[in-house]
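Quick notes on the structure that follows.
Only the coordinates and a few stated rules stand behind these numbers; no lab work does. In this text, all values refer to a predicted model and were calculated from it rather than measured experimentally. All Cβ positions, even for glycine, are placed from backbone atoms using ideal geometry, and neighbour counts span all protein chains on display.
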Amino acid sequence: MNRKPPDRKAQAKRAALNALKRAQRQAEHAGVKLSEWEGEFIGSVTDRLKTFGRAFGDPEKGAPGEALSALQTVKLKEITAKAKGEKKVLKRRPFRRKLTR
């Protein structure tokens with residue numbers, strides 16, 4: 001019963017690869033045409049994940065043990081929403097002045 005604990009980096013890599021494949025399959029199945037840039041994004045991120053185990057080089061751009069950077073994760077979510085036919089609206093609030101007393 002000597003089981004090693006699961007390797008978090010390998011799990012993150014597998015999860016990211018599956019998410020990329022799922023987004024591409026959903027787009028193909030729904031007949032949604034991804035832009036040339038989105039196709040290149042999915043391809044290049046997949047290649048980097050397979051080669052290096054993560055898709056970004058600067059450790060400050062993502063959490064330790066994660067396979068995708070924060071911005072790559074956001075873009076993947078946008079592509080997935082596009083493939084599902086959902087219109088993703090950015091929820092941004094305008095800057096507010098701080099009240100001083």
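Of the helices (runs of 4 or more DSSP H) lying entirely inside the chain, those containing at least 2 residues that are touching a Gly at 6+ places or on another chain (Cβ under 9 Å) span 8-30, 70-84. Could you say whether any residue in the stretch 2-12 is touching a helix residue (DSSP H, G or I) at 6+ places or on another chain (Cβ under 7 Å) and surrounded by 10 or more Cβ atoms within 10 Å (Cβ to Cβ)? Looking through the stretch 2-12, none of the residues is touching a helix residue (DSSP H, G or I) at 6+ places or on another chain (Cβ under 7 Å) and surrounded by 10 or more Cβ atoms within 10 Å (Cβ to Cβ). Under the condition of being within 19 Å of Ser69 (Cβ to Cβ) and surrounded by 14 or more Cβ atoms within 10 Å (Cβ to Cβ), the residues counted in the stretch 25-38 number 1.
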